[in-house]
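Report on one structure; see the data block that follows.
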């Protein structure tokens, strides 16, 4: 696996956040992944938590592709911190 500095993640796509056990805890999508991922670190830091240990991402070419891929991955993995996952469970 190649290690990519977070500063190089400047594309649009779907990102996956993992905890120390490499369990998926969040799946999201963004046009600017670097900005969006940085927001997650700030939120968890404010809450006094540090669950994000690994990040992976899948570049996409359109908003439609991002939405579709994000939905499929959330439905498949059911990450702990995804609001969409909670909404699906309530239905």
Label-point separation, residue 32 to residue 54 (7 Å along Cα→Cβ), nm: 2.9
Segment residue 80-residue 43, extension gain: residue separation times 0.36 nm, minus the distance between their alpha carbons: 11.8 nm
Segments 22-30, 68-76 sorted - mean Cβ within 10 Å per residue, highest first: 22-30, 68-76
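Every number in this text was worked out from the coordinates using simple rules, so none of it is lab data. None of the values given here were measured: they were computed from a predicted structure. In this analysis, Cβ positions are derived from the backbone assuming ideal geometry, glycine residues included, and neighbour counts consider all displayed protein chains.
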